[in-house]
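These notes concern the structure reproduced below.
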Amino acid sequence: MKISVIIATCNHGHWLPESIESALNQTLKPHEVIVVDLAGGSRDNTAEVVKRYPVKYLCQPGKGVSDARNHGIHNATGDWVAFLDSDDYWKPNKLERQAAAIKDEGFCYCATRRFYPDGRTEDMEYYDMPEALQVLHHHNFIDTSAGMVKRDAILSFGGFNPLSCAGEEWEVWLKLSRICKFVGVSERLLMYRVTGSGLSIDPKAVLRSMDFIVAAGTAGMPPVRRFIQARQMRSVRNALAAVKFREARDYDNTLRYACRALTYWPSPFFDIAFKVLLLELRRRVTGRR
């Protein structure tokens, strides 16, 4: 098994050494490590940092993270690719444990532990197969840096969608679920850095990616099932946008998108939309923030 590690980065020179070293120091040595600089090239010391290590350095000027990852995939020479964002890092046995878990599967994921600037950590939700696929059609629980996939499988549909953001990896996992088997590793082998920045916190980006994710999650379903699944997924996505608007203190849009989420799937027990709606209504009555 030849594993190419693809690290997409932009202005993360201060975190990049930890990511690169966590890939190079794996107990199962990767076939290669490819660092792809995006958005016209980093303006910090990224280029100087990369020169310290035996890695391949590529630049994808003027492109986003999906284009950067795709550029790495196309330039990879391994038969598997593992993604690592430049603000995350792996435990030393991450690749070894995933390789050992794979039999005839084309995609392997692991559990995640998130860590915060104040030192707090949080174990994220994890699901084994077959429950994982059911959950994945509701929301994404697999971080990008947790995934390892056969290169041919991800290339079969063109890789990451450059038009999608704030959920582009979810779209990829859903597409992969239709063409290959999945296997998970329950050990928390990915350390995910919570930075409070990026497109994942932008509610408008969350909404822009919705149609792509719904299309990937409902393709090939019978008409009635496709209709129901699409409404459930739109409910989840609108509820997430409501949460992000609330975090940004945009309370009008909080109420708007919480209501829209319940319109798509009016169940108070289905997702977070009902809770967000109650919180916003209470805020309006009591004046609390």
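The values are calculated or read from the model by the stated rules, or taken from the named source; none is laboratory data. These figures come from a predicted structure and were not determined experimentally. Positions of Cβ are generated from backbone atoms using ideal geometry, with glycine treated the same way; all protein chains shown enter the neighbour counts.
What to note about this one:
- If you go through the range 64-79 and keep only what is surrounded by fewer than 18 Cβ atoms within 10 Å (Cβ to Cβ) and charged (D, E, K, R), you end up with just ASP79.
- Listing of helices (runs of 4 or more DSSP H) fully contained in the range 136-253 that carry 1 or more residues being outside the structural domain of THR9 (by TED's automatic domain parsing), surrounded by fewer than 18 Cβ atoms within 10 Å (Cβ to Cβ) and modelled with pLDDT of 95 or more: 210-218, 223-247
- Inside the range 40-71, residues that are in contact with a Pro (Cβ under 7 Å, 6 or more places away or on another chain) and in contact (Cβ under 8 Å) with a residue 24 or more places away in the chain make up a count of 4.
- Contact map, the range 210-234: first residue among the aromatic types (Phe, Trp, Tyr), second residue at pLDDT 95 or above and in a helix (DSSP H, G or I), Cβ cut-off under 6 Å, separation 6 or more or different chains; pairs are PHE212/GLU171.
- Just one of the numbered conditions (1) within 22 Å of LEU136 (Cβ to Cβ); (2) at pLDDT below 90; (3) not in a helix (DSSP H, G or I) is not true of PRO266: (1).
- The set of residues in the range 152-187 that are hydroxyl-bearing (Ser, Thr, Tyr) and either within 21 Å of CYS110 (Cβ to Cβ) or in contact (Cβ under 8 Å) with a residue 60 or more places away in the chain (or both) comprises SER164, SER177, SER186.
- Taking residues in the range 1-24 that are among the basic types (Lys, Arg), and partners anywhere that are modelled with pLDDT of 95 or more and outside any strand (DSSP E or B), the pairs with Cβ atoms closer than 6 Å and at least 6 places apart or on different chains are LYS2/HIS31; LYS2/GLY78; LYS2/ASP79.
- Filtered residues of the range 30-58 (kept if touching a strand residue (DSSP E or B) at 6+ places or on another chain (Cβ under 9 Å) and part of a loop (DSSP other than H, G, I, E, B)): PRO30, HIS31, ALA39, GLY40, GLY41, SER42, LYS51, TYR53, PRO54, VAL55
- Within the range 94-129, the only residue that satisfies the criterion of being assigned to a loop (DSSP other than H, G, I, E, B), aliphatic (A, V, I, L, M) and buried (at least 17 other Cβ atoms within 10 Å of the Cβ) is ILE102.
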